[in-house]
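Below: the structure, in C-alpha coordinates.
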Amino acid sequence: MIKEKLNILIAIESFFDGGAEMFAIRLANELALTQKVYFIEVYPYLSKEKRQFSLLDTKRIMVIQAGQNFIGDWLYINGRTRNGGNNIKSKVEPLYQFFKKLQVKLFIKKNKITIVNSHSWDSDVFFAMLKKEVKFNLVASLHGHYEFLANKRKNFIPITKATLNVVDTVIYTSPEQQQTLDRNFCKLTKRRKVFYGVSMSLERIIKKNYQSGTCLELVMVARGIKEKGWEEAILAVLQVLKKFPGLVKLTLVGEGEFLDYLKIKYNSPAISFLGYQNDVFDIVCSSHIGLLPTYYIAESLPNSIIEYLFCAKPVITTNVGAITDMISLNEQIAGVSINLNDGMVDIGTITDAIENYICNPLLVEKHAEIAIRAAEKFTMKGCIEKYLAAYSDLPHVIN
(Lines give C-alpha, C1' and ligand atoms only; values in the text may rest on other atoms or scores of the structure.)
Protein backbone atom coordinates (compact mmCIF):
# COMPACT_ATOMS: atom_id res chain seq x y z
CA MET A 1 0.00 0.00 0.00
CA ILE A 2 1.04 3.64 -0.53
CA LYS A 3 2.44 5.11 2.68
CA GLU A 4 3.41 8.55 1.37
CA LYS A 5 1.95 10.89 -1.21
CA LEU A 6 2.71 10.18 -4.85
CA ASN A 7 3.47 12.90 -7.37
CA ILE A 8 1.12 11.99 -10.24
CA LEU A 9 0.79 13.72 -13.60
CA ILE A 10 -2.53 13.05 -15.34
CA ALA A 11 -2.18 13.56 -19.11
CA ILE A 12 -4.76 14.15 -21.83
CA GLU A 13 -4.30 14.96 -25.50
CA SER A 14 -6.52 18.06 -25.38
CA PHE A 15 -9.67 19.34 -23.69
CA PHE A 16 -12.16 17.74 -26.05
CA ASP A 17 -15.68 17.26 -24.68
CA GLY A 18 -15.24 13.49 -24.57
CA GLY A 19 -15.51 10.65 -22.09
CA ALA A 20 -11.75 10.10 -21.86
CA GLU A 21 -11.15 13.70 -20.86
CA MET A 22 -14.10 13.68 -18.46
CA PHE A 23 -12.82 10.60 -16.67
CA ALA A 24 -9.25 11.96 -16.51
CA ILE A 25 -10.61 15.09 -14.82
CA ARG A 26 -12.72 13.09 -12.36
CA LEU A 27 -9.75 10.85 -11.59
CA ALA A 28 -7.44 13.81 -11.03
CA ASN A 29 -9.91 15.59 -8.75
CA GLU A 30 -10.41 12.50 -6.59
CA LEU A 31 -6.72 11.58 -6.43
CA ALA A 32 -5.90 15.15 -5.41
CA LEU A 33 -7.72 14.58 -2.11
CA THR A 34 -4.93 12.24 -0.96
CA GLN A 35 -2.05 12.58 -3.45
CA LYS A 36 -0.07 15.36 -5.11
CA VAL A 37 -1.64 15.65 -8.54
CA TYR A 38 -0.70 17.63 -11.64
CA PHE A 39 -2.57 17.80 -14.95
CA ILE A 40 -1.21 18.29 -18.47
CA GLU A 41 -2.90 19.08 -21.77
CA VAL A 42 -0.24 17.81 -24.19
CA TYR A 43 -1.66 19.38 -27.35
CA PRO A 44 -3.63 22.47 -26.23
CA TYR A 45 -4.16 23.81 -29.75
CA LEU A 46 -6.28 20.85 -30.82
CA SER A 47 -9.40 22.04 -28.95
CA LYS A 48 -11.02 25.45 -28.67
CA GLU A 49 -13.84 25.72 -26.12
CA LYS A 50 -12.12 23.78 -23.27
CA ARG A 51 -15.34 23.79 -21.26
CA GLN A 52 -14.28 20.78 -19.22
CA PHE A 53 -11.27 22.74 -17.97
CA SER A 54 -13.59 24.45 -15.47
CA LEU A 55 -14.37 21.07 -13.89
CA LEU A 56 -10.78 20.59 -12.70
CA ASP A 57 -10.06 21.33 -9.04
CA THR A 58 -7.35 23.88 -9.81
CA LYS A 59 -7.08 24.82 -6.12
CA ARG A 60 -5.43 21.44 -5.54
CA ILE A 61 -4.15 20.63 -9.04
CA MET A 62 -1.49 22.50 -11.00
CA VAL A 63 -2.29 22.53 -14.72
CA ILE A 64 0.24 22.76 -17.55
CA GLN A 65 -0.81 23.37 -21.14
CA ALA A 66 2.32 22.20 -22.93
CA GLY A 67 3.80 24.61 -25.42
CA GLN A 68 1.04 27.17 -25.08
CA ASN A 69 3.03 30.37 -25.58
CA PHE A 70 3.39 33.23 -28.07
CA ILE A 71 5.26 31.01 -30.57
CA GLY A 72 2.63 28.30 -30.30
CA ASP A 73 -0.10 30.94 -30.69
CA TRP A 74 1.59 32.31 -33.81
CA LEU A 75 1.97 28.87 -35.36
CA TYR A 76 -1.65 28.06 -34.56
CA ILE A 77 -3.01 31.29 -36.02
CA ASN A 78 -0.88 31.09 -39.16
CA GLY A 79 -1.24 27.38 -39.77
CA ARG A 80 1.18 24.71 -38.66
CA THR A 81 3.74 23.29 -41.09
CA ARG A 82 5.36 20.09 -39.90
CA ASN A 83 6.12 18.29 -43.14
CA GLY A 84 8.56 19.87 -45.59
CA GLY A 85 8.53 23.34 -47.07
CA ASN A 86 11.06 26.15 -46.81
CA ASN A 87 8.88 28.86 -45.29
CA ILE A 88 9.41 30.26 -41.83
CA LYS A 89 6.73 28.06 -40.28
CA SER A 90 8.53 24.86 -41.28
CA LYS A 91 11.71 26.22 -39.68
CA VAL A 92 10.06 27.42 -36.46
CA GLU A 93 8.00 24.27 -35.86
CA PRO A 94 10.92 21.89 -34.99
CA LEU A 95 12.36 24.48 -32.62
CA TYR A 96 8.95 24.95 -31.01
CA GLN A 97 8.56 21.19 -30.53
CA PHE A 98 12.06 20.98 -29.00
CA PHE A 99 11.33 23.63 -26.39
CA LYS A 100 7.88 22.17 -25.70
CA LYS A 101 9.45 18.81 -24.90
CA LEU A 102 12.10 20.54 -22.78
CA GLN A 103 9.36 22.35 -20.87
CA VAL A 104 7.63 19.06 -20.00
CA LYS A 105 10.92 17.38 -19.01
CA LEU A 106 11.80 20.23 -16.66
CA PHE A 107 8.29 20.17 -15.21
CA ILE A 108 8.62 16.45 -14.43
CA LYS A 109 12.02 16.94 -12.80
CA LYS A 110 11.09 20.07 -10.85
CA ASN A 111 7.93 18.51 -9.40
CA LYS A 112 9.51 15.07 -8.87
CA ILE A 113 6.79 13.34 -10.91
CA THR A 114 7.01 9.59 -10.33
CA ILE A 115 3.93 8.52 -12.31
CA VAL A 116 2.49 9.83 -15.57
CA ASN A 117 -1.02 8.49 -16.22
CA SER A 118 -1.88 9.10 -19.88
CA HIS A 119 -5.42 9.00 -21.27
CA SER A 120 -5.00 9.02 -25.06
CA TRP A 121 -2.92 7.32 -27.75
CA ASP A 122 -1.17 10.55 -28.69
CA SER A 123 -0.20 11.39 -25.12
CA ASP A 124 0.90 7.76 -24.61
CA VAL A 125 3.26 8.13 -27.58
CA PHE A 126 4.52 11.54 -26.39
CA PHE A 127 5.47 10.28 -22.94
CA ALA A 128 6.81 6.94 -24.18
CA MET A 129 9.31 8.93 -26.26
CA LEU A 130 10.06 11.21 -23.31
CA LYS A 131 10.93 8.22 -21.09
CA LYS A 132 14.17 7.90 -23.04
CA GLU A 133 15.30 11.22 -21.56
CA VAL A 134 13.77 11.47 -18.09
CA LYS A 135 12.73 8.89 -15.49
CA PHE A 136 9.12 8.22 -14.55
CA ASN A 137 6.58 5.38 -14.57
CA LEU A 138 4.12 5.48 -17.45
CA VAL A 139 0.54 4.22 -16.98
CA ALA A 140 -1.68 4.18 -20.08
CA SER A 141 -5.46 4.20 -19.53
CA LEU A 142 -7.19 3.03 -22.71
CA HIS A 143 -10.37 4.77 -23.84
CA GLY A 144 -10.98 3.41 -27.33
CA HIS A 145 -8.39 5.57 -29.08
CA TYR A 146 -6.25 2.62 -30.10
CA GLU A 147 -9.10 1.10 -32.13
CA PHE A 148 -10.28 4.42 -33.57
CA LEU A 149 -6.86 5.68 -34.69
CA ALA A 150 -5.66 2.50 -36.40
CA ASN A 151 -6.28 3.95 -39.88
CA LYS A 152 -5.72 7.59 -38.98
CA ARG A 153 -2.08 7.68 -37.85
CA LYS A 154 0.97 7.09 -40.03
CA ASN A 155 3.00 4.05 -38.94
CA PHE A 156 0.33 3.30 -36.34
CA ILE A 157 1.22 -0.36 -35.78
CA PRO A 158 4.99 -0.01 -35.20
CA ILE A 159 4.50 3.13 -33.08
CA THR A 160 1.82 1.43 -30.98
CA LYS A 161 3.94 -1.66 -30.39
CA ALA A 162 6.94 0.48 -29.42
CA THR A 163 4.80 2.59 -27.09
CA LEU A 164 3.20 -0.39 -25.32
CA ASN A 165 6.64 -1.92 -24.91
CA VAL A 166 7.73 1.17 -22.95
CA VAL A 167 4.51 1.62 -20.93
CA ASP A 168 4.78 0.17 -17.41
CA THR A 169 1.08 -0.51 -16.81
CA VAL A 170 -1.95 -0.57 -19.12
CA ILE A 171 -5.43 -0.05 -17.69
CA TYR A 172 -8.22 -1.31 -19.97
CA THR A 173 -11.98 -1.77 -19.77
CA SER A 174 -13.36 -3.68 -22.77
CA PRO A 175 -12.87 -6.96 -24.67
CA GLU A 176 -11.89 -4.97 -27.78
CA GLN A 177 -9.08 -3.33 -25.83
CA GLN A 178 -7.87 -6.74 -24.69
CA GLN A 179 -7.71 -7.80 -28.32
CA THR A 180 -5.74 -4.65 -29.17
CA LEU A 181 -3.24 -5.47 -26.43
CA ASP A 182 -2.99 -9.04 -27.71
CA ARG A 183 -2.30 -7.87 -31.27
CA ASN A 184 0.45 -5.58 -30.05
CA PHE A 185 2.06 -8.22 -27.84
CA CYS A 186 1.49 -6.30 -24.61
CA LYS A 187 2.54 -8.49 -21.69
CA LEU A 188 -0.24 -9.88 -19.50
CA THR A 189 1.71 -8.79 -16.42
CA LYS A 190 1.29 -5.16 -17.46
CA ARG A 191 -2.49 -5.29 -17.79
CA ARG A 192 -5.17 -4.31 -15.28
CA LYS A 193 -8.91 -4.13 -15.84
CA VAL A 194 -10.44 -1.15 -14.06
CA PHE A 195 -13.85 0.40 -14.75
CA TYR A 196 -14.34 4.16 -14.62
CA GLY A 197 -15.54 5.77 -11.42
CA VAL A 198 -17.89 8.71 -11.00
CA SER A 199 -18.27 10.95 -7.98
CA MET A 200 -22.03 10.60 -7.86
CA SER A 201 -23.81 9.28 -4.80
CA LEU A 202 -26.10 6.29 -5.05
CA GLU A 203 -27.96 7.72 -2.06
CA ARG A 204 -28.92 10.73 -4.17
CA ILE A 205 -30.96 8.61 -6.57
CA ILE A 206 -34.66 9.36 -6.84
CA LYS A 207 -36.40 6.79 -9.02
CA LYS A 208 -38.98 8.03 -11.48
CA ASN A 209 -41.77 5.53 -11.86
CA TYR A 210 -43.63 5.12 -15.11
CA GLN A 211 -47.40 4.69 -15.22
CA SER A 212 -49.42 3.14 -18.00
CA GLY A 213 -50.97 5.64 -20.39
CA THR A 214 -48.53 8.45 -19.56
CA CYS A 215 -45.68 9.79 -21.66
CA LEU A 216 -42.49 7.71 -21.57
CA GLU A 217 -39.59 10.16 -21.36
CA LEU A 218 -36.31 9.13 -22.99
CA VAL A 219 -32.94 10.85 -22.74
CA MET A 220 -29.76 10.49 -24.78
CA VAL A 221 -26.43 12.00 -23.71
CA ALA A 222 -23.34 11.65 -25.88
CA ARG A 223 -20.77 13.36 -28.07
CA GLY A 224 -22.34 14.91 -31.15
CA ILE A 225 -21.01 12.46 -33.72
CA LYS A 226 -23.17 10.42 -36.10
CA GLU A 227 -21.90 7.05 -34.88
CA LYS A 228 -23.40 7.50 -31.42
CA GLY A 229 -26.78 6.67 -32.98
CA TRP A 230 -28.53 10.04 -32.67
CA GLU A 231 -30.56 9.78 -35.87
CA GLU A 232 -31.44 6.15 -35.23
CA ALA A 233 -32.82 7.16 -31.80
CA ILE A 234 -34.89 9.94 -33.36
CA LEU A 235 -36.28 7.71 -36.11
CA ALA A 236 -37.21 5.03 -33.57
CA VAL A 237 -39.11 7.57 -31.44
CA LEU A 238 -40.94 8.98 -34.46
CA GLN A 239 -41.90 5.43 -35.44
CA VAL A 240 -43.25 4.70 -31.93
CA LEU A 241 -45.33 7.90 -32.05
CA LYS A 242 -47.23 6.58 -35.05
CA LYS A 243 -48.52 3.71 -32.91
CA PHE A 244 -48.62 5.52 -29.55
CA PRO A 245 -49.37 9.21 -30.27
CA GLY A 246 -48.22 11.52 -27.48
CA LEU A 247 -46.80 8.70 -25.36
CA VAL A 248 -43.08 9.17 -25.94
CA LYS A 249 -40.66 12.09 -25.76
CA LEU A 250 -36.91 12.24 -26.45
CA THR A 251 -34.45 14.73 -24.94
CA LEU A 252 -31.05 14.98 -26.65
CA VAL A 253 -28.01 16.33 -24.77
CA GLY A 254 -24.92 17.04 -26.86
CA GLU A 255 -23.70 19.33 -29.58
CA GLY A 256 -21.90 19.36 -32.92
CA GLU A 257 -22.49 19.92 -36.60
CA PHE A 258 -24.33 16.63 -36.98
CA LEU A 259 -26.79 17.52 -34.20
CA ASP A 260 -27.29 20.96 -35.75
CA TYR A 261 -28.23 19.18 -38.97
CA LEU A 262 -30.64 16.84 -37.15
CA LYS A 263 -32.28 19.75 -35.36
CA ILE A 264 -33.20 21.27 -38.71
CA LYS A 265 -34.17 17.95 -40.29
CA TYR A 266 -36.43 16.70 -37.47
CA ASN A 267 -38.70 19.48 -36.23
CA SER A 268 -40.96 17.60 -33.85
CA PRO A 269 -42.44 18.68 -30.49
CA ALA A 270 -41.51 15.21 -29.21
CA ILE A 271 -37.78 15.82 -29.81
CA SER A 272 -35.89 18.33 -27.63
CA PHE A 273 -32.30 19.42 -28.38
CA LEU A 274 -30.66 20.82 -25.23
CA GLY A 275 -27.12 21.21 -26.56
CA TYR A 276 -24.03 20.68 -24.41
CA GLN A 277 -24.55 20.48 -20.63
CA ASN A 278 -21.79 20.24 -17.99
CA ASP A 279 -24.11 18.62 -15.44
CA VAL A 280 -26.63 16.14 -16.82
CA PHE A 281 -27.75 14.61 -13.52
CA ASP A 282 -31.08 16.44 -13.19
CA ILE A 283 -31.86 16.00 -16.89
CA VAL A 284 -31.28 12.25 -16.75
CA CYS A 285 -33.14 11.87 -13.45
CA SER A 286 -36.22 13.55 -14.90
CA SER A 287 -36.46 10.87 -17.60
CA HIS A 288 -37.55 7.23 -17.51
CA ILE A 289 -35.13 5.56 -19.96
CA GLY A 290 -31.56 6.24 -21.12
CA LEU A 291 -30.68 5.76 -24.80
CA LEU A 292 -27.31 5.11 -26.45
CA PRO A 293 -27.73 3.14 -29.71
CA THR A 294 -24.04 3.58 -30.53
CA TYR A 295 -22.09 1.93 -33.32
CA TYR A 296 -18.96 4.00 -32.72
CA ILE A 297 -15.94 1.86 -33.58
CA ALA A 298 -13.90 3.05 -30.60
CA GLU A 299 -16.65 2.65 -27.98
CA SER A 300 -15.31 1.26 -24.71
CA LEU A 301 -16.96 2.39 -21.46
CA PRO A 302 -19.34 5.29 -22.23
CA ASN A 303 -19.78 7.83 -19.44
CA SER A 304 -23.42 8.32 -20.38
CA ILE A 305 -24.19 4.67 -19.57
CA ILE A 306 -22.66 5.12 -16.11
CA GLU A 307 -24.70 8.28 -15.60
CA TYR A 308 -27.90 6.46 -16.62
CA LEU A 309 -27.19 3.69 -14.11
CA PHE A 310 -26.45 6.13 -11.28
CA CYS A 311 -29.78 7.81 -12.02
CA ALA A 312 -31.58 4.43 -11.88
CA LYS A 313 -32.48 4.43 -15.56
CA PRO A 314 -33.02 1.34 -17.68
CA VAL A 315 -30.84 1.56 -20.78
CA ILE A 316 -31.58 0.88 -24.44
CA THR A 317 -28.16 0.49 -26.02
CA THR A 318 -25.93 -1.72 -28.17
CA ASN A 319 -23.59 -4.60 -27.49
CA VAL A 320 -20.31 -2.80 -28.24
CA GLY A 321 -17.25 -2.19 -26.08
CA ALA A 322 -17.95 -3.12 -22.48
CA ILE A 323 -21.54 -1.82 -22.51
CA THR A 324 -23.33 -5.13 -21.95
CA ASP A 325 -21.02 -5.85 -19.02
CA MET A 326 -21.69 -2.37 -17.68
CA ILE A 327 -25.47 -2.77 -17.51
CA SER A 328 -25.37 -6.37 -16.30
CA LEU A 329 -25.65 -7.68 -12.78
CA ASN A 330 -25.04 -11.40 -12.42
CA GLU A 331 -27.39 -12.81 -15.08
CA GLN A 332 -29.73 -9.82 -15.09
CA ILE A 333 -29.54 -6.79 -17.36
CA ALA A 334 -30.71 -3.23 -16.71
CA GLY A 335 -32.34 -2.71 -20.08
CA VAL A 336 -31.80 -3.89 -23.64
CA SER A 337 -28.47 -4.56 -25.38
CA ILE A 338 -28.84 -4.72 -29.18
CA ASN A 339 -26.40 -6.61 -31.39
CA LEU A 340 -25.12 -4.66 -34.39
CA ASN A 341 -25.89 -5.86 -37.92
CA ASP A 342 -22.96 -5.23 -40.31
CA GLY A 343 -21.70 -2.56 -37.95
CA MET A 344 -25.04 -0.71 -37.76
CA VAL A 345 -27.90 -0.62 -35.28
CA ASP A 346 -31.38 -1.70 -36.39
CA ILE A 347 -33.96 1.05 -35.86
CA GLY A 348 -36.78 -1.47 -35.61
CA THR A 349 -35.10 -3.14 -32.63
CA ILE A 350 -34.87 0.20 -30.82
CA THR A 351 -38.53 0.82 -31.63
CA ASP A 352 -39.52 -2.58 -30.23
CA ALA A 353 -37.61 -1.93 -27.00
CA ILE A 354 -39.35 1.42 -26.47
CA GLU A 355 -42.77 -0.04 -27.19
CA ASN A 356 -42.11 -2.89 -24.75
CA TYR A 357 -41.55 -0.38 -21.94
CA ILE A 358 -44.72 1.54 -22.88
CA CYS A 359 -46.73 -1.67 -22.73
CA ASN A 360 -45.02 -2.99 -19.58
CA PRO A 361 -44.63 -0.20 -17.00
CA LEU A 362 -43.49 -2.67 -14.33
CA LEU A 363 -40.51 -3.55 -16.54
CA VAL A 364 -39.28 0.03 -16.18
CA GLU A 365 -39.33 -0.36 -12.40
CA LYS A 366 -37.65 -3.78 -12.53
CA HIS A 367 -34.82 -2.61 -14.78
CA ALA A 368 -34.39 0.54 -12.70
CA GLU A 369 -33.69 -1.62 -9.63
CA ILE A 370 -31.07 -3.60 -11.56
CA ALA A 371 -29.54 -0.34 -12.80
CA ILE A 372 -29.00 0.93 -9.24
CA ARG A 373 -27.15 -2.23 -8.26
CA ALA A 374 -25.16 -2.33 -11.51
CA ALA A 375 -24.03 1.24 -10.80
CA GLU A 376 -22.07 0.04 -7.78
CA LYS A 377 -19.34 -1.16 -10.20
CA PHE A 378 -18.61 2.48 -10.98
CA THR A 379 -18.23 4.14 -7.60
CA MET A 380 -15.27 6.49 -7.49
CA LYS A 381 -14.09 4.95 -4.23
CA GLY A 382 -13.65 1.53 -5.84
CA CYS A 383 -12.03 3.04 -8.93
CA ILE A 384 -9.51 5.06 -6.91
CA GLU A 385 -8.60 2.04 -4.80
CA LYS A 386 -7.78 0.05 -7.95
CA TYR A 387 -5.82 2.90 -9.53
CA LEU A 388 -3.77 3.41 -6.36
CA ALA A 389 -3.14 -0.33 -6.22
CA ALA A 390 -1.83 -0.18 -9.79
CA TYR A 391 0.36 2.82 -8.94
CA SER A 392 1.68 1.14 -5.78
CA ASP A 393 3.08 -1.77 -7.80
CA LEU A 394 5.34 0.59 -9.74
CA PRO A 395 8.90 1.37 -8.64
CA HIS A 396 9.46 4.61 -6.72
CA VAL A 397 11.41 6.79 -9.16
CA ILE A 398 12.78 10.24 -8.33
CA ASN A 399 14.79 12.30 -10.77
| query | Which residue out of Ile289, Ile306 is of a type in the set (A, V, I, L, M, F, W, C) and in contact with a Lys or Arg (Cβ under 7 Å, 6 or more places away or on another chain)? | reply | Ile289
| query | Looking at this structure, is Leu252 in a strand (DSSP E or B), in contact with a strand residue (DSSP E or B) (Cβ under 7 Å, 6 or more places away or on another chain) and either buried (at least 19 other Cβ atoms within 10 Å of the Cβ) or not charged (D, E, K, R) (or both)? | reply | yes
| Contacts under 6 angstrom Cβ, first residue in the range 268-287 being in the same structural domain as Phe258 (by TED's automatic domain parsing), partner assigned to a loop (DSSP other than H, G, I, E, B) and not aliphatic (A, V, I, L, M), 6 or more apart | Gly275/Glu255; Tyr276/Glu255; Val284/Cys311; Cys285/Cys311
| message | Could you tell me how many of the residues in the range 64-106 are more than 29 Å from the chain's Cα centre (by Cα), of a type in the set (Ser, Thr, Tyr), at pLDDT below 80 and not in a loop (DSSP other than H, G, I, E, B)? | response | 1
| query | For the range 1-24, how many residues meet the condition of being surrounded by fewer than 22 Cβ atoms within 10 Å (Cβ to Cβ) and among the β-branched types (Val, Ile, Thr)? | reply | 1
| query | Here is a list of conditions, (1) in a loop (DSSP other than H, G, I, E, B); (2) in contact with a Leu (Cβ under 9 Å, 6 or more places away or on another chain), and Lys313 meets all of them except one; can you say which number that is? | reply | (2)
| Boolean, Val219 is under 16 Å from Lys313 (Cα atoms) and surrounded by 18 or more Cβ atoms within 10 Å (Cβ to Cβ) | yes
| note | Taking first residues from the range 218-229 that are in the same structural domain as Ala312 (by TED's automatic domain parsing) and touching a residue at least 40 places away in the same chain (Cβ under 8 Å) and second residues anywhere that are basic (Lys, Arg) and surrounded by fewer than 20 Cβ atoms within 10 Å (Cβ to Cβ), the pairs with Cβ under 8 Å that are 6 or more apart or on different chains are Leu218/Lys249
| said: Tell me whether the range 120-131 contains one or more residues that are exposed (fewer than 14 other Cβ atoms within 10 Å of the Cβ) and not in a helix (DSSP H, G or I). | reply: no
| request: State all residues of the range 285-301 that are part of a helix (DSSP H, G or I) and either buried (at least 24 other Cβ atoms within 10 Å of the Cβ) or charged (D, E, K, R) (or both); if no residue qualifies, say none. | output: none
| Does the range 352-390 hold any residues that are of a type in the set (Ser, Thr, Tyr) and surrounded by fewer than 20 Cβ atoms within 10 Å (Cβ to Cβ), and which are they? | Thr379
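What residue, among those in the range 20-63 that are assigned to a helix (DSSP H, G or I), under 26 Å from Leu75 (Cα atoms) and touching a helix residue (DSSP H, G or I) at 6+ places or on another chain (Cβ under 6 Å), is modelled with the lowest pLDDT?
Gln52
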| task | Only residues that are part of a loop (DSSP other than H, G, I, E, B) and in contact (Cβ under 8 Å) with a residue 24 or more places away in the chain: list them for the range 321-374, please. | result | Gly321, Ala322, Ile327, Ala334, Leu340, Gly343, Val345
| query | What is the residue count in the range 168-197 for residues that are buried (at least 21 other Cβ atoms within 10 Å of the Cβ) and assigned to a loop (DSSP other than H, G, I, E, B)? | reply | 5
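The values are calculated or read from the model by the stated rules, or taken from the named source; none is laboratory data. Given the structure is predicted, the values throughout are model-derived calculations rather than measurements. Heads up, the Cβs are rebuilt from the backbone with ideal geometry, glycines too, and the neighbour counts pull from every protein chain shown.
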